[in-house]
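Inspection log for the structure reproduced underneath, given as structure tokens.
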Amino acid sequence: MAFGGATKPVSELMFNKYDKDKNGTISRDELRSLCYDMGYYLSNDELEWACTLIDKDGNGKIDYKEFADWWKTSSRFEHIRMPNAYQTQLICYIAEVFRSYDKHNHGRLNKKEFEKMRKDLIRHHIIDEHEHQACQFEEIDRGHDGSINFNELIAWFKDIGVLDQIGIHSS
Ligand SMILES: [Ca+2]
Ligand SMILES: [Ca+2]
């Protein structure tokens, strides 16, 4: 920024470099190869989790905006690290609750289903009724398709710090 505008941001250079098939999105394999080149080999599970975090609208592709968002996080490889035991337990539980409200097994919840799930999560003290009341369905629905998928839910939890809080107690 300080040296003026001729150069592209690093995130864009990286995105273009690793979008090997030039389709404008980073696939799982392309992400794996990027991480590997940077010294972080991801197993299949780790790659799956990294994609859940980076592909925030859950459409199965990492677009440039999602990539740049991730790239600018201060510790980007730490950010996509596999959850610890407590977080894993929490995420499994959340996935279970999510699935139980996904009556049609579509992998996403409509507004009504989501509101029911939110009440359930409040009841189980995973989210706080007062603190997280302001979060609007429309904001959580990043892909704007009128439903919330698991990636969007996890992205929301990341935003409101639900997953981080648990992490603090574990180390
Ligand atoms: Ca690609
Ligand atoms: Ca996406």
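Here are some notes:
- Hey, Lys20 without any contact (Cβ under 8 Å) to a residue 24 or more places away in the chain, away from ligand 2 (no atom under 16 Å from the Cβ), over 21 Å from Asp164 (Cβ atoms) and in contact with a Ser or Thr (Cβ under 8 Å, 6 or more places away or on another chain) or not: yes
- Out of Ile94, Ile126, Ile160, Ile166, one residue alone is surrounded by 11 or more Cβ atoms within 10 Å (Cβ to Cβ), at pLDDT 90 or above and out of contact with any Lys or Arg (no Cβ under 9 Å at 6 or more places or on another chain). It is Ile94.
- Here is the figure for the range 102-117: residues that are surrounded by fewer than 18 Cβ atoms within 10 Å (Cβ to Cβ) and part of a helix (DSSP H, G or I) total 4.
- Residue identified as in contact (Cβ under 8 Å) with a residue 40 or more places away in the chain and surrounded by 12 or more Cβ atoms within 10 Å (Cβ to Cβ) among Ile148, Ile140: Ile148
- Test: residue in the range 46-66 that is closer than 23 Å to Asn149 by Cα and more than 16 Å from ligand 2 (Cβ to nearest atom): yes
- Residue check for Asp120: within 16 Å of ligand 2 (Cβ to nearest atom) and either under 18 Å from Glu48 (Cα atoms) or assigned to a helix (DSSP H, G or I) (or both): no
- Boolean, Lys20 is modelled with pLDDT of 95 or more and either assigned by TED's automatic domain parsing to the domain that holds Ala68 or surrounded by fewer than 12 Cβ atoms within 10 Å (Cβ to Cβ) (or both): yes
- Residues that are without any contact (Cβ under 8 Å) to a residue 12 or more places away in the chain and closer than 22 Å to Gly58 by Cβ were ranked within the range 23-41; the one that is surrounded by the most Cβ atoms within 10 Å (Cβ to Cβ) is Asp29.
- Being more than 16 Å from ligand 2 (Cβ to nearest atom), more than 29 Å from Leu121 (Cβ to Cβ) and not β-branched (Val, Ile, Thr) holds for only one residue in Ser33, Ser75, Ser27, and it is Ser33.
- Where helices (runs of 4 or more DSSP H) fall entirely within the range 1-101, those with at least 3 residues that are within 13 Å of ligand 1 (Cβ to nearest atom) and more than 15 Å from the chain's Cα centre (by Cα) are at 10-18, 28-37.
The values are calculated or read from the model by the stated rules, or taken from the named source; none is laboratory data. Here the structure is a predicted model, which means the values were calculated and not measured. Methodologically, a virtual Cβ is constructed for each residue, glycine included, from the backbone with ideal geometry; neighbour enumeration extends over all protein chains shown.
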